[in-house]
Amino acid sequence: MAVVNRLGPSLATRWVIGILVGAFFAVPLVSTFLFTLRDPEGGLSFARWIALFDPAAAATLKPIWTGLGNSLVLAVVTVAIVLLLLAPTMILVNLRFPHLKPAFEFAVLLPISIPAIVLVVGLAPIYLQIGRAFGTGTWTLAFAYGITVLPFAFRSIQASIDAADLRTLSEAARSLGASWPTVVLKVLAPNLRQGLLAASLISIAVVLGEFTIASLLNRQVFQTAMVVVNKQDPYAPAIFTLLALVFVFLLLLLIGRVARGNGKARS
């Protein structure tokens, strides 16, 4: 006999919720897309999209391309921070210092509860010293972005750690004479591949969409550049916003595909 879940919503309710949520996200996107198709003479056309490739518009769009390049560099450095600092630290805490796990988890999840403007107030004096030591290049924002992405990257990596028996894998590798760097890189990392990839993709999405920290610290990134260009041409930032959303959406699909992969540890 089939068991009926009386606590779950009915099929009609799920359809209504799905339509409302879909409309909540679709209406702004469709409206923005139609805005980019507006023709000065009336009607709709892709003239604004084609104009992006017009050499005459290169000067107007230069801040966006510069900001996009800076954001991509920031994304690479931020991902490096996640993979080279956060992931090994999580492995160390789980294997050697499990009693520190609650305090460590609290520390890495704390940034999600701190508004970006408050975070900048605390980071401003630190960035004065960073500017003297490393210069004021846009890439230095990666230190702040590394803090911002901690909660998202931590959850992704921790899910893979919970699914893999790290202790057994590490002890087996050590008993065969492997050094700790070899254990981490060749034994544990392949078993955490899904979480590491998901953390990297989420970090890229966060970096490409961040505005407040870059604006308050006076750095030119993708989002701040679009604000500058919007004063001259409101259509170009709208088009780039749609393209960025499509890119992030593809990243999320890739994360979902990875998450559905085989999560079993490999020996």
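The values are calculated or read from the model by the stated rules, or taken from the named source; none is laboratory data. Bear in mind that the values here come from a model prediction, so they are computed numbers and not experimental data. All Cβ positions, glycine included, derive from the backbone under ideal geometry; neighbour counts span all protein chains shown. For accessibility, only protein heavy atoms count, side chains too; no ligands or nucleic acids. Shrake-Rupley method; radii C 1.70, N 1.55, O 1.52, S 1.80 Å.
A simple rule links phi to the HN-Hα coupling: the Karplus curve 6.51 cos²θ - 1.76 cosθ + 1.60 with θ = phi - 60°, which for segment 232-246 gives 9, 9, x, 7, 4, x, 5, 5, 5, 5, 4, 5, 5, 5, 5 Hz, with x for Gly and Pro. For the chain, averaging the sequence separation of C-alpha pairs within contact (under 8 Å, six or more residues apart) and dividing by the residue count gives a relative contact order of 29 percent.
Label-to-label distance, Leu252 versus Ile112, with points set 7 angstrom from Cα along the beta-carbon direction: 1.6 nm.
Simple spin-label model, 7 Å along Cα-to-Cβ: Leu216 to Arg193 in nm? My value for the distance between the label points is 4.0 nm.
Divide the volume of the convex hull around the Cα atoms of the chain by the residue count and you get 213 Å³ per residue.
The listed residues Asp162, Asp54 rank as Asp162, Asp54 when sorted by accessible area, largest first, using a 1.4 Å probe. Taking 0.36 nm per residue of separation and subtracting the current Cα-Cα distance, fully stretching the chain between Ser31 and Trp49 would add 4.9 nm. Under the convention that each Lys and Arg Cβ holds +1 and each Asp and Glu Cβ holds -1, the size of the dipole of segment 117-267 around its Cα centre is about 360 debye.
Modelled label positions at Asp165 and Thr60, each set 7 Å beyond Cα in the direction of Cβ, lie 6.3 nm from each other. The charge dipole of segment 1-100, taken about the Cα centre with unit charges on the Cβ atoms of Lys, Arg (+1) and Asp, Glu (-1), comes to about 440 debye, rounded to the nearest 20. When each of the peptides 90-96, 220-226, 167-173 is scored by how many other beta carbons lie within 10 Å of its residues on average, the order from highest to lowest is 220-226, 90-96, 167-173.
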